[in-house]
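Here the structure is laid out as structure tokens; the discussion comes afterwards.
The values are calculated or read from the model by the stated rules, or taken from the named source; none is laboratory data. Fair warning: this is a prediction, and the values are worked out from it, not measured in the lab. Cβ coordinates were reconstructed from backbone atoms using ideal geometry, including for glycine residues, and neighbour counts include every protein chain displayed.
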């Protein structure tokens, strides 16, 4: 099996350290390019605007796209939107959406090689876990802004109280503040409680 993976050099190094299937051939790419005979493509960088026509035409090859903040409008049936945020890819359960039952079967077979099970969700911004985590992070920054406590204390309280692997500020460091703000801004268009905290916005801009 041949799988094309679009990733930066740093991300490639991280993925290789995490462990990749030994019985597949991986074609690494920084930019999308035509691949002959690929069984699947995983785009961690969300380069939809650079896809060759062969990728967007009708196809039976699953194309995984790391797009958390927005849905993909008018997506072809072989497009699979997934949550590939840092840390989330490391989990054995991968959140994703797809409209084709046939492609879903193929996608599950591909992800099984990576030791992952796909949780098929509705095609909404943030899927499920990212929405929850982003909301928690936002509340933590609002709390910090009010001077209630410190980052370290809030992280410790959240980990001890919820048994989460990371506190909200640790999540932010791993995921990236700009990604959190992008999702919250998108969600805030429909629900005011998601409006990003000023301290979080400031961190994302700096």
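General observations
- Filter result for residue 59 (surrounded by 14 or more Cβ atoms within 10 Å (Cβ to Cβ) and within 30 Å of residue 172 (Cβ to Cβ)): no
- Number of the condition not met by residue 15 [criteria: (1) on the phi < 0 side of the Ramachandran plot; (2) at pLDDT 95 or above; (3) crowded, with 16+ Cβ neighbours inside 10 Å]: (2)
- Selected residue (criterion: surrounded by the most Cβ atoms within 10 Å (Cβ to Cβ)) from residues of the range 145-157 that are under 21 Å from residue 193 (Cβ atoms) and in contact with a helix residue (DSSP H, G or I) (Cβ under 6 Å, 6 or more places away or on another chain): 154
- Residue 83, sole failed condition from (1) surrounded by fewer than 20 Cβ atoms within 10 Å (Cβ to Cβ); (2) at pLDDT 95 or above; (3) under 19 Å from residue 177 (Cα atoms); (4) under 21 Å from the mean Cα position of the chain (by Cα): (1)
- Residue 36, sole failed condition from (1) surrounded by 18 or more Cβ atoms within 10 Å (Cβ to Cβ); (2) more than 22 Å from residue 90 (Cα to Cα): (1)
- Residue among 135, 126 that alone is in a helix (DSSP H, G or I) and either in contact (Cβ under 8 Å) with a residue 40 or more places away in the chain or under 24 Å from residue 77 (Cα atoms) (or both): 135
- The listed residue being part of a helix (DSSP H, G or I) and modelled with pLDDT under 95, out of 193, 182: 193
- The one condition in (1) in a helix (DSSP H, G or I); (2) closer than 24 Å to residue 183 by Cβ; (3) touching a residue at least 40 places away in the same chain (Cβ under 8 Å) that residue 155 fails to fulfil: (3)
- Any chance residue 115 is loosely packed, with under 14 Cβ neighbours inside 10 Å, in contact (Cβ under 8 Å) with a residue 12 or more places away in the chain and assigned to a loop (DSSP other than H, G, I, E, B): yes
- Single match in 128, 187, 200 (criterion: under 22 Å from the mean Cα position of the chain (by Cα), surrounded by 14 or more Cβ atoms within 10 Å (Cβ to Cβ), at pLDDT 95 or above and under 30 Å from residue 104 (Cβ atoms)): 187
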